[in-house]
Each structure stands twice: as C-alpha cells, then as structure tokens.
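Below is one structure, written out as structure tokens; comments come after it.
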Amino acid sequence: MAKIARPGFFTLFENSIFPLLILALLYFLCKPLFVQNDKINYLLAWIILGIPFGLQKMFVWFVPHGYGIGGTVGVFALNIIIGGVIGGAIAVWRIAYAVYYIPCFIHLRVITRP
C-alpha cells in the first residue's frame, strides 16, 4: 500500500496563506491607484494585483531590442501590461487553490489523525 504524504504547516503557508497575504497587502497598498471617483477600476486592479504573479512572464513576449528610447519604454510598458493580465489570471487561480487547500489541510491534519 502506498503511503499518503500528509501536508505540513510549511506547505499550508506556501500554498494558501502567503499568496493571500501578498494579495491583501497589494490591495491595500495599491488601492489609491485603481480607485477613481470612489469606484474601483477592475481592469486596472486586475493588472496591478497580477504583476507580482506574472513577473516571470513579462519579458517573454516582446524583448526590447533595436528600438530607440521611446520604443523601448513602450515595449517595457506593454510587457508590464501583458504580465499583469497573465498574473491576474494566475492570482485568481492561486486564490481558488488556497480556498480549496485550507479545508483539505484541516481534514488531513486535524480530522484524520493517525
């Protein structure tokens, strides 16, 4: 019979608590950037909150090579926008996974003790 690995507290922190803390901290720090006239601009919030999760995808699409200073800044801005959109999707996935992982962790660590 195969032995099922039980998750430890480090995996709970890594898979659920840490991503949720990052998103909550970014939300409260960047709230003045995407709240305009007491309304939330959801597209801008998606991009800003997704940037930390899409950092590794930013410079995959367009590499600023052979442009002038204006073209390089434009390609850099486009890379940040694309990374933010991709990171926003990853952030939504991490939130869903964290919401799923916490009850599973409680079930495996607390309810079904060996």
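The values are calculated or read from the model by the stated rules, or taken from the named source; none is laboratory data. Being a predicted model, the structure only gives us computed values, none of them experimental. With ideal geometry, Cβ positions are generated from the backbone for all residues, glycine too; neighbour counts draw on all protein chains shown.
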ask   = Restricting the search to the range 90-104, which residues are over 14 Å from the mean Cα position of the chain (by Cα), under 13 Å from ILE17 (Cα atoms) and surrounded by 13 or more Cβ atoms within 10 Å (Cβ to Cβ)?
value = TYR101, ILE102
task = Being within 22 Å of GLU14 (Cβ to Cβ) and among the aliphatic types (A, V, I, L, M) is the filter here, so list the residues in the range 61-97 that pass it.
result = ILE86, ALA89, ILE90, ALA91, VAL92, ILE95, ALA96
task = Return the pairs, sorted by first residue and then second, in which the second residue is basic (Lys, Arg) and surrounded by 13 or more Cβ atoms within 10 Å (Cβ to Cβ), the first residue lies in the range 14-41 and is under 15 Å from TYR101 (Cα atoms), the beta carbons are less than 6 Å apart, and the residues are 6+ apart or on different chains.
result = PRO19/ARG94
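Out of GLY87, GLY50, report the one residue that is farther than 30 Å from THR112 by Cα, modelled with pLDDT of 85 or more, surrounded by 12 or more Cβ atoms within 10 Å (Cβ to Cβ) and touching a Lys or Arg at 6+ places or on another chain (Cβ under 8 Å). Outline the logic, then answer.
On the way: GLY50 fails: touching a Lys or Arg at 6+ places or on another chain (Cβ under 8 Å).
Selected residue: GLY87, the only one of GLY87, GLY50 that is farther than 30 Å from THR112 by Cα, modelled with pLDDT of 85 or more, surrounded by 12 or more Cβ atoms within 10 Å (Cβ to Cβ) and touching a Lys or Arg at 6+ places or on another chain (Cβ under 8 Å).
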